[in-house]
Every structure is written in C-alpha cells, then in structure tokens.
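The block underneath contains the structure these notes are about, expressed in structure tokens.
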Amino acid sequence: KTKHGLFCHKAFEQISLQKYPTVYVSTLIRHDSINFQCMKVHAFNDVCSQIRYFPSLHSIAICGNSFKTMVVVALPKPTETDVSKEFYNSEAIFDFFTCVEYAPAVAQLVTGGTDGSLRVWFPNNTSCIETLKGHDKPITNLMYNTKDQMLISLSEDKNVRVWSEVGWLCRQILANSDITKCLGEGTDPLCCVLYHSFFRRVISCCQKGEVTVWDILTGNAVVQFEVTSSNTNGRTFMSFDEQQQSLITVCQDGKLRRWNFSNGKELGVHPVTVQKYVTAIVCIKDRVFVSGRDSKVIFDLDIEGYESRLLKHEDSGREGIKSSKPSHHVQQPRPSVPVTGIGSNFTIYKPNKVQIW
C-alpha cells in the first residue's frame, strides 16, 4: 500500500529534474490517496505565514500573516475524522505570533512576537504562561535544539539568543558583531566566495587573483596564495571538486587549475583551455563541466586531463557531444547565446530554452 509513499501516485510529476519525485500542492488538493487519510481543514480567515508540524504533538501549528492569531490543529487518529483546533490570540496592541517552535522535553510551545518577546504556552491552553524578554525588535525565527535542549531565537535586532528550557533562562547572547563578522578587508573587489562546511573555512578570491582561506570561527586568514600569473588580472571562478578535497579555479587565461587549499600548492593544470568568463563549474565522478558566458559550448573534461569532450548547443538541437583529439586540443567556443546556468544534467540558455544532456 505504501509503494508510492504518502501521496497519491497520480499526483507526482512524470518528469522531474530532481533526484527525487516531486509533487505540487495544487495537484495534491485534486488527488486523494486511497491508502491514506486525506482531508481539508479550514484553519482561520488569514493568510498563513508559517506552518510547522510537530510529530510529538501530532499537530500542526499555523501562524497568520497578521501575526495576531495562531491555530494548532490536532490531527485525528487513523480511525477518526474529527479535527480539533485551538486558537491563540494576541492581546492589546502587540502581535504574538511571528513564528512558533515546540520544546518536546517540557511539552511547551514558544512563539515570537513583534514586540521582541517570546511567549510560552501549554498545548490545549490558550493562555500565555510566561513571557521572555530580551530582544528589542520582532522575532523572525525560532529553532529548538533537541540534543542540547536549547531554544535559539533570532530577531530583527540582529541578535541571537540561546535559551535553556529549564526555567527559560537566556544562557548566551550573540550580538551583531559576532553574527556579521568581517573576515578581513582588501583593496581589490571579490569575485568569488566558497564555504567548506567540514573544515569550517571560507575561501575568497579577489580580481587580482589572490585566494584567501579564512577560519570562520576566529575570522583570521590562515592561508593566502596567488592563482594567476602577474600579467593576468580579472575575474576568477572557483569551485570544489566532488569530494571537496581540492580547489578548482579558472582565470582569465582560460586555464583550469587544481589547488590544495590547505597550503596553496598547485596540484595540476588541465591541458585544455576553456572559456575566459566562466559562469559555472560542476564536478561529477572525476569529470568537470564548465560553462561560459556568450558560449554555446560546455566543456566536459576528465579531471586528470585524459579525455575531453564538448557539449554544444545547436539551433537544430541535433548535435550533442563532440570528442576532442587525443592531443587535448579542443575547439574554442564561439560567442553565441549566453549560458545563464548549469546543472548536473541540464543547462539553461536564452532565449527561454533548456537543453537536457
């Protein structure tokens, strides 16, 4: 019965550009699943600004766009059809419901308000039991950390506060200076920035061709190296390889280079010359796909330089892949319609055409 999952199999899109099935909400409304209970519930007469599902409550919390009202809809058991709703309303001139989060360890709801206060509620009880003050401006986001049993609040005052669910005490304040830390300042404009989540490093490159590796925790530069020659200046495009173990750059000379970004050592230069103005680099299974501005050609390169091919957009749409010569000489792309994007299996180029590879 669960072959197609939660939704009716007729609702899924027949052609999906994602690696997973996709379905539109508007389609779901028109197709019910015979394997699962499906119902439509009128929540309230307001536009929904946030919808959160809390599994431990088996309920859905919905905040209105006016921030004055929140409704908690308790989902029925499989053998039942009745849906219960609890309405929570703001008081006086304040709006209590910009966002909502649930702390399962203490079984309490927490909402953020436009006055910068957090309010604590018991499910099935529409009276506020506690008000947490600290922010000066409206709350924009709430997130509960189940591992540390901490609630994190973010406000328009650009401060982050960490609250302990034991007594709802504020344990830490991350002020504006800590959130928007400036990682150095140079004289040349930046042309590309990457973030490595494992090493927690920010990698930036300026138009002079200087790459700087920053420690995101300390804000200090740990490595600096040049990726262009002294007579080459302009935009440099960067990307990680698929395993994020090395850095790939393409400068104005059209040379694709690989670097060890931990020490700035050059690992190799690809024998094929690509476009000067690169718009995207995608690495898949030891191959590098490079698209360029004002070019119909996408370079399909072996990362070690053994085999290179061209994927070429043609007006007729019939000519697809061209192999390069063994000597690695690849025909330079001729200016044409700009390539505006590249994915792992499709490209988009003007005017309003998508080419599937």
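Taking each residue of the stretch 86-102 that is closer than 19 Å to Pro123 by Cβ and looking for partners that are surrounded by 11 or more Cβ atoms within 10 Å (Cβ to Cβ) and basic (Lys, Arg) with beta-carbon atoms closer than 8 Å, six or more apart or interchain, yields Asn89/Lys68; Ser90/Lys68; Phe96/Lys68; Phe96/Arg119; Phe97/Lys68; Val100/Arg52; Glu101/Arg52; Tyr102/Arg52. Which residues, counting only those in the stretch 38-64, are assigned to a strand (DSSP E or B), of a type outside the set (Ser, Thr, Tyr) and free of Cβ contacts under 8 Å to residues at least 24 places away in the same chain? If the condition is that a residue be assigned to a strand (DSSP E or B), of a type outside the set (Ser, Thr, Tyr) and free of Cβ contacts under 8 Å to residues at least 24 places away in the same chain, then Cys48, Ile51, Ile60, Ile62 are the ones that fit. Does the stretch 156-167 include one or more residues that are at pLDDT below 95 and either touching a Phe, Trp or Tyr at 6+ places or on another chain (Cβ under 8 Å) or outside the structural domain of Phe97 (by TED's automatic domain parsing) (or both)? So far as the stretch 156-167 goes, no, none of its residues is at pLDDT below 95 and either touching a Phe, Trp or Tyr at 6+ places or on another chain (Cβ under 8 Å) or outside the structural domain of Phe97 (by TED's automatic domain parsing) (or both).
With respect to Leu154, determine if the residue is more than 21 Å from Phe67 (Cβ to Cβ) and not acidic (Asp, Glu). It is false that Leu154 is more than 21 Å from Phe67 (Cβ to Cβ) and not acidic (Asp, Glu). If you go through the stretch 224-245 and keep only what is surrounded by 17 or more Cβ atoms within 10 Å (Cβ to Cβ) and under 13 Å from Ile203 (Cα atoms), you end up with Phe225, Val227, Thr236, Phe237, Met238, Ser239, Phe240.
Within the stretch 262-310, the residues that satisfy the criterion of being assigned to a loop (DSSP other than H, G, I, E, B), more than 28 Å from the chain's Cα centre (by Cα) and among the acidic types (Asp, Glu) are Glu304, Glu307.
If you check Lys255, Lys296 for being over 27 Å from Lys208 (Cα atoms) and either at pLDDT below 90 or assigned by TED's automatic domain parsing to the domain that holds Cys205 (or both), only one passes: Lys296. Of Val337, Val274, Val278, all but one fail to be at pLDDT below 85 and aliphatic (A, V, I, L, M); the exception is Val337.
Here's the yes/no breakdown for (1) surrounded by fewer than 16 Cβ atoms within 10 Å (Cβ to Cβ); (2) among the basic types (Lys, Arg); (3) more than 19 Å from Ile60 (Cα to Cα):
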position: Tyr102; (1), (2), (3): no, no, no
position: Leu109; (1), (2), (3): no, no, no
position: Val120; (1), (2), (3): no, no, no
position: Thr146; (1), (2), (3): yes, no, no
position: Met150; (1), (2), (3): no, no, yes
position: Glu165; (1), (2), (3): no, no, yes
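The values are calculated or read from the model by the stated rules, or taken from the named source; none is laboratory data. This one's a predicted model, so the numbers in the text were calculated from it and none came from an experiment. Using ideal geometry, Cβ is built from the backbone for each residue, glycine included, and neighbour counts are taken over all protein chains shown.
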